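Shown next, in C-alpha cells, is the structure this report addresses.
The values are calculated or read from the model by the stated rules, or taken from the named source; none is laboratory data. Being a predicted model, the structure only gives us computed values, none of them experimental. With ideal geometry, Cβ positions are generated from the backbone for all residues, glycine too; neighbour counts draw on all protein chains shown.
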Amino acid sequence: MLRALLFSVAVCWAGLNLTAATQISIVIGGNAPALEKLAADRLAADFRALFAVEAAVRTSAPADAANTILLGSPPTNPAIPKSAWPKLSDQGQVIRSTPAGLVVGGGSPVATLWAASELAQRLGIRPLLHGDALPVAKPELKLGGFDVVLEPGLRIRAWSAFNGQPHGADAWPLADQQRLITQLARLKFTHLIVPAQLVAFPAIAVDGDTGGRAAFKGVKSFAAPAESGRAEALARSAREHGLTVLAQAPADLRPLPLGATVPSVLPQFALSQLAVDFNALRNAKAAGFVATAVMPGDLNAAAYFVSRAAFDATLTARRSLDELVTPICGDGVSERLWLGFEHLEQAAKLIAANDPALGVPAPQVLLRHLNAKTAPPAWLTKVKSLYADAMNEMYRGNTRARGGARPYILYHAKRFEFALHYCTALEALGNAGVATAQNKPDARADAADAALEAIYNALNAHADVARDASDRGVIALLNEHGYRPVGKALR
C-alpha cells in the first residue's frame, strides 16, 4: 500500500517543471565512494552547463525535494527511499522520480557514475571522444517524469587503441589520454587495454618541406611522449573512472573494429556493418567485446552506437546516428551524415576486398603505385568517387548544422577530403609509372606534378582539423613515407 501511495504521488509530481529553480542539490551519502563523488561533481557541472542554475553537492537532503537529486544507492546513500529502488545487477542503472527527489544510481559505484552520465544524455548532452557537446536547444529543466531502469546486454565493453604505430594511442600524451578516459567512462566502457610497455617510435622530422606542417604548431619533430611512468599513470586514471585495466585483450573476447581493421590512415568506418557484427555478438550471447580503434576522430558515431546498443537491443545504426547528431546539430543534419557514411562504407568494402594495405603507413605506401607501372585500377577510381560523395554530404550537413558541434561534422568533411586527395595522388602516381614505362616524359611530368600536388593537398586538408596525436601522426608518417620520398623519386 505504501509503495503504491509513493508512486501515485510520484506520478502527480512528474509534471512539475523547475523553470524557476535557482539551485539544484545533489545529495550523496556521508561516506560515499570516490566514484559516486565523481559522479556528483560531473552531474553538477552538467547542470551548470545546461541551465542557469547553481548545482551544489551535499551530504544531507534539503527541505525542497523538488530541486533535489539523490545519487548513489540505498547502501551508500540513506536518503534514497528503498521503496523506489529496483532490483539491479552491479551494472544496472536507475533514474527515477520520487517524492523525495530524483533518484540517480546504480548497482555499484561505477554504475552510479554511468547513471549520472545517462541523465546528462537524457537532457541532451552528447559524449564525444574528445569532449562533450551541448544541445542546440536549451532543454526544459525538470526532475519529474523519469522512470528509467537499464541493464546491459553485453557486460564487457573494452577499448583498445594501442597498436605500436605513430598514429595510434602510443603517441598520445598522458593529458590527452586522461581526457579520453573521461569520455570512455561517459560512454560506459568497462575495460581499457594498456600494454605494460608503450612503444617509443623514432622521431619524425616535420620541419622544412613538410605538408600539413601547421598541425605541429612550430614543433620541429613528431615523437612519442617522453613522460616517465606514462603507462602506470594512465592505468591509475582509468581505475579512478571505474575502468578495469588489462595488459592485453582476453583471448575469449572477439575484437569489434570501430573503423579500419588494420592501422590505416584512411577513414574506413562502416556503421551498418558494425551493427550487424554487434548483433551477431549479442545473438551468440557473448560476454562482451573489445572495441578496436585506430583514428578516434573518425569513430564518434561508432563508439556511441556500441555504447547505447549494449543497453538497448532494439537500437539500429540509423537511429543511433540520429540520436547522437540531432540534439547537438539540429534537424535535417543526421540524414546528410547517414548518406555520407553509407558512401564511406562502400569505399571501405572496396578497399578491404582489393587492397587492405592501401592506407597502412610503410616506406613504400605511395611509391609502390609509381613502381607498379600499371594503370590505376577501376576500383580505386570508384573509391575516390565515393570519398568525394561522402565529403559533399558532410559539407551539406555542416551547412545545415547549428550550435557548437559543427566541428564534429567538419572533421569528417576534411578527413574525407584528405582521402579524396590521397586516392587522386595514387592515381597520378600510377599514371606517372605508366608514362615512365612508355617513355613519355611530358606525360610523366604532368602526372608527377598532379601526384605531388594531391599529396600536399591531402596533408593540408587533414592539418586543418588535426586535434590529437593520431591526426598529427598521420601527417608525419605520410610526409616521411610519402611526400618526401615521392618528391625525391619524381624530381
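Which members of region 233-254 meet the condition of being over 23 Å from the mean Cα position of the chain (by Cα) and at pLDDT 95 or above? Give the steps one after another, and end with the answer.
Going through region 233-254, the residues over 23 Å from the mean Cα position of the chain (by Cα) turn out to be 251-252.
None - no residue of region 233-254 is over 23 Å from the mean Cα position of the chain (by Cα) and at pLDDT 95 or above, so the list stays empty.
Just one of the numbered conditions (1) within 23 Å of Leu38 (Cβ to Cβ); (2) within 15 Å of the chain's Cα centre (by Cα); (3) assigned by TED's automatic domain parsing to the domain that holds Asp298 is not true of Leu174; which one?
Condition not satisfied by Leu174: (2).
Kindly indicate whether any position in region 173-195 is surrounded by fewer than 20 Cβ atoms within 10 Å (Cβ to Cβ), out of contact with any Cys (no Cβ under 9 Å at 6 or more places or on another chain), small (Gly, Ala, Ser) and part of a loop (DSSP other than H, G, I, E, B).
No: zero hits.
State whether one or more residues within region 406-422 are acidic (Asp, Glu) and within 24 Å of the chain's Cα centre (by Cα).
Yes.
Which of the numbered conditions does Val199 fail, given that it passes all the others? Conditions: (1) modelled with pLDDT of 95 or more; (2) farther than 26 Å from Asp41 by Cα; (3) among the β-branched types (Val, Ile, Thr).
(1)
Given the criteria within 21 Å of Val290 (Cα to Cα), out of contact with any Phe, Trp or Tyr (no Cβ under 6 Å at 6 or more places or on another chain), of a type outside the set (D, E, K, R) and buried (at least 22 other Cβ atoms within 10 Å of the Cβ), does Ala303 qualify?
yes
From Ala435, Ala419, Ala378, Ala413, which residue is small (Gly, Ala, Ser), out of contact with any Lys or Arg (no Cβ under 9 Å at 6 or more places or on another chain) and closer than 27 Å to Ala489 by Cα?
Ala378
How many residues does region 33-43 contain that are in contact (Cβ under 8 Å) with a residue 60 or more places away in the chain and over 19 Å from Thr244 (Cα atoms)?
To start, the set of residues in region 33-43 that are in contact (Cβ under 8 Å) with a residue 60 or more places away in the chain comprises 33-36, 38-40, 42-43.
Imposing the further condition that a residue be over 19 Å from Thr244 (Cα atoms) reduces the set to 40, 42-43.
Summing the residues that are in contact (Cβ under 8 Å) with a residue 60 or more places away in the chain and over 19 Å from Thr244 (Cα atoms) in region 33-43 gives 3.
Any idea which of Ser83, Ser89, Ser117, Ser60 is assigned to a helix (DSSP H, G or I), farther than 30 Å from Ile328 by Cα and of a type in the set (Gly, Ala, Ser)?
Exactly one residue qualifies, and that residue is Ser83.
Quick test for you: out of Arg58, Arg126, pick the one residue that is closer than 23 Å to Leu315 by Cα, at pLDDT 95 or above and of a type in the set (D, E, K, R). Break it down stepwise before answering.
Numbers: Arg58 fails: closer than 23 Å to Leu315 by Cα.
Answer to the check: Arg126.
I'd like the residue in region 243-279 that is part of a strand (DSSP E or B) and not β-branched (Val, Ile, Thr) and, out of all such residues, is surrounded by the most Cβ atoms within 10 Å (Cβ to Cβ).
This residue is Leu256.
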